[in-house]
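Notes follow once the structure below has been shown.
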Amino acid sequence: MKSEVRSYSLFQLAGGGKRHLALFLALTLGFTFFLPSTFSLTGASALGQVPTRKLQRATFQSFSSGGEPLAPASGLHLTPGLDRTPGTGSQMYNPGEPSLNMGLCRWESRKMPLKIWISPGLQLPEMGFTELQKVRPDQVFEMLQQPGDPFAGLSQAREWTEDTNYQVAAGIEQWREFEREGIFSFGFTTDPRQAQIMVFFVDSFKDSTSPGGIMVGGNTCAQLYTYEQAQSINIAQKPVIIEMSTLVNREPQKMIAASAHEFGHALGIKAHSPYRDDIMHENRVVNSLSPADKATIRRLYRSKPAYVM
């Protein structure tokens, strides 16, 4: 059966209330929601099927501009990034997965439109930052197999409000132009069991040794499998998990930009850009997609991947 798709403006979704008016005027973005229905996942994405092989894990490792892994450290540590030479502003960077020999990874066209669920501020069980990549996709997948509300026991992250979700959606919407180009498509669902990409929240990430240290604004975890596996066996769809820090991203513009960055990872840009003027730089200092970000995602989705999600 087909899921019903409708488009709304942010102001319409807010019911036109005064407390959302300022946000609407600041963002003025439209986005698509998928209304719950018996949407059928196709082929390898059918929910509930058990994978027959061990899957690769996407680690989203952070690399310095020189290509060497950053040394572990505590607290705040930043890499300044490179400046582009004149005339190279639209030059793509390598989006491959660092832990898999920079192999390209993206969503298959048959998985479109991607369905995104933004939780009402829910915070997943706390664990060390380095454990997230090993655990999160399996952990959430197991929750989704439970009857009733799969997240009934979760609490809300501090300082989360309803406006926070509008900010996350606005960041994701920065990638909408590629839908008009026919590269990929996506929408928002109110049913977590239909989602391929799920957004949760966290006060702050504990024990982080990644770029930014305790000031990490977001994290994305995924499970990958080879393109050949995807064509030959049925694999249960385990969602890509995005977690956004409500304390680091207190300011609306920070949450919007950080969400755009993390959604870039969720789409398949695994490695960070070495250039400071790209939103996919590991210590993002810009708030919107650069020409190089756009060139990179176009090339990625026009290339045959080694891995898929």
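Of all the criteria given as (1) part of a loop (DSSP other than H, G, I, E, B); (2) crowded, with 24+ Cβ neighbours inside 10 Å; (3) among the hydroxyl-bearing types (Ser, Thr, Tyr), the one not satisfied by residue 288 is (2). Each residue in region 277-293 was checked for being over 19 Å from residue 249 (Cβ atoms) and out of contact with any helix residue (DSSP H, G or I) (no Cβ under 8 Å at 6 or more places or on another chain), and 3 of them qualify. Counted as qualifying within region 127-196 are the helices (runs of 4 or more DSSP H) with 3 or more residues that are surrounded by 14 or more Cβ atoms within 10 Å (Cβ to Cβ), namely 132-144, 162-173.
Sub-8 Å Cβ pairs linking a first residue in region 267-283 that is in contact (Cβ under 8 Å) with a residue 60 or more places away in the chain and among the polar types (S, T, N, Q) to a second residue that is assigned to a helix (DSSP H, G or I) and buried (at least 24 other Cβ atoms within 10 Å of the Cβ), at least 6 apart or interchain, are 273/293; 273/296, ordered by first then second residue. Show the residue pairs meeting these rules: Cβ distance below 6 Å; 6+ apart or different chains; first residue within region 240-260 and under 10 Å from residue 218 (Cα atoms); second residue of a type in the set (D, E, K, R) and in a helix (DSSP H, G or I). Between residues of region 240-260 that are under 10 Å from residue 218 (Cα atoms) and residues that are of a type in the set (D, E, K, R) and in a helix (DSSP H, G or I), the close pairs are 242/262. Checked against (1) surrounded by fewer than 21 Cβ atoms within 10 Å (Cβ to Cβ); (2) modelled with pLDDT under 95; (3) under 19 Å from the mean Cα position of the chain (by Cα); (4) not in a loop (DSSP other than H, G, I, E, B), residue 204 passes all but a single condition, namely (4). When we screen 230, 258 for residues that are farther than 22 Å from residue 110 by Cα, touching a strand residue (DSSP E or B) at 6+ places or on another chain (Cβ under 8 Å) and assigned to a helix (DSSP H, G or I), the only hit is 258. Scanning region 169-188 for residues that are of a type in the set (Gly, Ala, Ser) and touching a residue at least 24 places away in the same chain (Cβ under 8 Å), which turns out nearest to residue 309 (Cα to Cα)? Of everything passing the filter in region 169-188, 185 is nearest to residue 309 (Cα to Cα).
Scanning region 103-126 for residues that are among the aliphatic types (A, V, I, L, M) and either loosely packed, with under 15 Cβ neighbours inside 10 Å or outside any loop (DSSP other than H, G, I, E, B) (or both) gives 114, 116, 118, 122. Scanning region 119-156 for residues that are closer than 28 Å to residue 234 by Cβ, in contact with a helix residue (DSSP H, G or I) (Cβ under 8 Å, 6 or more places away or on another chain) and either among the basic types (Lys, Arg) or in contact (Cβ under 8 Å) with a residue 60 or more places away in the chain (or both) turns up 119, 124, 144. Residue 231 fulfils the conditions (1) within 18 Å of residue 186 (Cα to Cα); (2) over 16 Å from the mean Cα position of the chain (by Cα) except for a single criterion, (1). Does at least one position in region 248-256 carry a residue that is among the acidic types (Asp, Glu), modelled with pLDDT of 90 or more, surrounded by fewer than 22 Cβ atoms within 10 Å (Cβ to Cβ) and under 22 Å from residue 160 (Cα atoms)? Yes: region 248-256 contains one or more residues that are among the acidic types (Asp, Glu), modelled with pLDDT of 90 or more, surrounded by fewer than 22 Cβ atoms within 10 Å (Cβ to Cβ) and under 22 Å from residue 160 (Cα atoms).
The values are calculated or read from the model by the stated rules, or taken from the named source; none is laboratory data. None of the values given here were measured: they were computed from a predicted structure. Neighbour counts run over all protein chains shown; Cβ positions are idealised from the backbone, glycine included.
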